[in-house]
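Below are the structure tokens for one structure; questions will follow.
Coordinate-derived values only; no laboratory data. Note that this is a predicted model, so its numbers are computed, not measured. Methodologically, a virtual Cβ is constructed for each residue, glycine included, from the backbone with ideal geometry; neighbour enumeration extends over all protein chains shown.
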Amino acid sequence: MRRVTLNYIVDIIFGILLLGQGITGALLWFLAPGGYRYRGGLGDEQAGSFLLARQEWKDVHQWLALALAIMFIVHIAIHWQWLVSMTKSYFRQR
């Protein structure tokens, strides 16, 4: 696989995961707020839910965070040589 294609695939996956993380974070923040005062209209087990219960949204949010961390490590590994050469050139200029 060409390096450019690999970079493209990694960046697309990274972007999709980041978008999912943002959406689940917004859902947790605005549509399924926690706290002892909040009572949803769908019963105790579904309090504060939108398609899924709050805990299920938290689980999705946490799994997306783990996938993002893994993709970050892959991204750094792919660009390691570039990072090293840029760091060296930066310190040579000084």
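What FRET efficiency comes out for the pair THR87/ILE23, r = Cβ-Cβ distance, R0 = 41 Å, nearest 0.05?
0.75
Taking 0.36 nm per intervening residue step and subtracting the Cα-Cα distance, what contour gain separates LEU6 from GLU56 on full extension?
Difference between extended and current length: 14.8 nm.
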